[in-house]
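Asks: My questions all concern the structure below.
No value in this document is a laboratory result; all are computed from the given coordinates. Quick caveat, the model's predicted, so the values are computed rather than measured. Here the Cβ is made from the backbone with ideal geometry for all residues, glycine too, and neighbour counts use every protein chain on show.
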Amino acid sequence: MNDILLLFFALPVAIAILSIIGQTLINSPIKIAGITFSILLIITFSVADESFLIYTILYTILSYATAWITSLWMNNQDEDNCLNQLIRATNAENLLNMQNTTSSQNTINQSNNINNTNNSCNCRRRF
């Protein structure tokens, strides 16, 4: 009974979690699957028997799928990243500065009100 819980619950959950963590560090789903396969292959022939080889292949596919989904999710999150927002804010400030030099006092007051708005991107720091 304990082996069934280990094979069908504990190991797949652990591999999925480690694949997500590995994807955020390495950024390559195929490398994550290769690392998973190599570790499980060593475990297959050193600790388990040859029947565990089927689980090794299934867990490698699970690892690749999890890393690939994580990669898609991370790319979707970075689509509108801080750099794009900073470029848009800088372009808007340059446009307002050009308007300030050529327009009257009313336009300057209106642009100052616009400049006082928050242009921060509120993104967390990424390493």
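Asks: With a point put 7 Å past each Cα toward its Cβ, work out how far L41 is from F8 in nm, to one decimal.
Replies: If labels sit at L41 and F8, their model points lie 2.9 nm apart.
Asks: I need the peptides 57-67, 26-36, 43-53 ranked by packing, meaning the mean over residues of other C-beta atoms within 10 angstrom, with the highest value on top.
Replies: Answer by packing, highest mean first, reads 57-67, 26-36, 43-53.
Asks: While we're here: Would you mind getting me the FRET efficiency between S51 and I17? Use the beta-carbon distance for r and R0 = 35 Å, nearest 0.05.
Replies: Rounded to the nearest 0.05, the efficiency is 0.90.
Asks: R0 = 30 Å: FRET efficiency of T24 with L58, Cβ-based, nearest 0.05?
Replies: Computed FRET efficiency for T24 and L58: 0.80.
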